[in-house]
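One structure is given here, and the rest of the page talks about it.
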Amino acid sequence: MKIRGIIFDFGFTLFSFENPSIEKYLDCFRRGMSKSIKALKQEKIIEDNNQILEDFLTIFNKKRATYFKLAMKTKDEFPTTLLFKSALDLLKEKGYEIQEEKIKEDFLETLAELYHSCEEEEWKPDDKTKFTLESLSKISTLKIGLISNHPNHKTIKNLLKKNEMKDYFDVIVTSAKFGKRKPISGIFFHTLKRMGLSKKDAEHCIMVGDEAADIIGANRIGMQIILKEREYEFPYEKEIKIPNLIRIKSIEEVLQYID
Ligand SMILES: [Mg+2]
């Protein structure tokens, strides 16, 4: 069967986070947050006062936990820009003075980018990622897409640009931009459509991912699926019960499945 499209997941499929652990993630976000706070102070949006900063952090972390739980349940994505906006709104409700007129969309994007900047430094492409994408991009009849469940679109784009891989993709979709997360069918259909393909073409397309959200979501809409096995297990990992699931250890193995 002729393959017309291939869609990759980002994290732990094309790029990996070295020695991932909850502590390491938390440390990245802590360091990112100090950069965001520095920007908030520089722009004089919030006062440089310990009590305000402490309250801002408490509100932000609480809101982040609420959004995270909600996202797991509803599969809605709550972008980091929204998280900053909500936290600043709540800080104002608490009676603090906020320079609201300075909180424009592009500044929220800067805050989010800074917040994810330390995480951004940790993601590295796998050895064979570039070779694989390069080889696939030479097939003129094949469309290449990416779907990432990430709350900040810019972070994914920056990483692809920095590693000179952005141009291999016909379409880059993140849950931050789309508003819903994998395994929701809509995000797959949206991506196929933007690749110039229809729902009927799903069976001629392959999804490559490392977790249940990728595999179950794509399987549900009739795509072919390939599981990239990860070195690390995630906490609370969902089991994938699909018979005869194709499993690969290294990303270049996908080339065998494209005719
Ligand atoms: Mg992944």
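The values are calculated or read from the model by the stated rules, or taken from the named source; none is laboratory data. Everything numeric in this text was worked out from a predicted model, so none of it was measured. Backbone-built Cβ (ideal geometry, glycine too); neighbour counts: all protein chains shown. Just so you know, the surface numbers come from the protein's heavy atoms only, side chains and all, with ligands and any DNA or RNA stripped out. Shrake-Rupley method; radii C 1.70, N 1.55, O 1.52, S 1.80 Å.
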May I ask you to list pairs of residues, at least six apart or on different chains, whose Cβ atoms are under 8 Å apart, with the first in the stretch 187-213 being free of Cβ contacts under 8 Å to residues at least 24 places away in the same chain and the second being assigned to a helix (DSSP H, G or I) and more than 15 Å from the ligand (Cβ to nearest atom)?
His190/Phe178; Ser198/Leu192; Lys199/Phe189; Lys199/Leu192; Ala202/Leu192
When the stretch 118-156 is examined, which residues are found to be part of a helix (DSSP H, G or I), touching a strand residue (DSSP E or B) at 6+ places or on another chain (Cβ under 6 Å) and open to solvent by 10 Å² or more (accessible area, probe 1.4 Å)?
Glu122, His153
When you look at Thr81, is it assigned to a helix (DSSP H, G or I), among the hydroxyl-bearing types (Ser, Thr, Tyr), open to solvent by less than 50 Å² (accessible area, probe 1.4 Å) and not assigned by TED's automatic domain parsing to the domain that holds Phe10, yes or no?
yes
Would you check if Thr58 is of a type in the set (Val, Ile, Thr), away from the ligand (no atom under 16 Å from the Cβ), modelled with pLDDT of 95 or more and within 30 Å of Leu133 (Cβ to Cβ)?
no
Scanning for something away from the ligand (no atom under 16 Å from the Cβ), among the basic types (Lys, Arg) and at pLDDT below 95, does the stretch 208-221 turn up at least one residue?
no
Total residues in the stretch 161-199, condition in a helix (DSSP H, G or I) and either of a type in the set (S, T, N, Q) or surrounded by 22 or more Cβ atoms within 10 Å (Cβ to Cβ) (or both)
7
From the list Asp89, Asp55, Asp76, exactly one residue is under 18 Å from the mean Cα position of the chain (by Cα) and either outside the structural domain of Lys182 (by TED's automatic domain parsing) or without any contact (Cβ under 8 Å) to a residue 12 or more places away in the chain (or both). Which is it?
Asp76
Subset of the stretch 1-26 (residues that are outside any loop (DSSP other than H, G, I, E, B), away from the ligand (no atom under 16 Å from the Cβ) and either in contact (Cβ under 8 Å) with a residue 12 or more places away in the chain or touching a Lys or Arg at 6+ places or on another chain (Cβ under 8 Å) (or both)):
Gly5, Ile22, Lys24
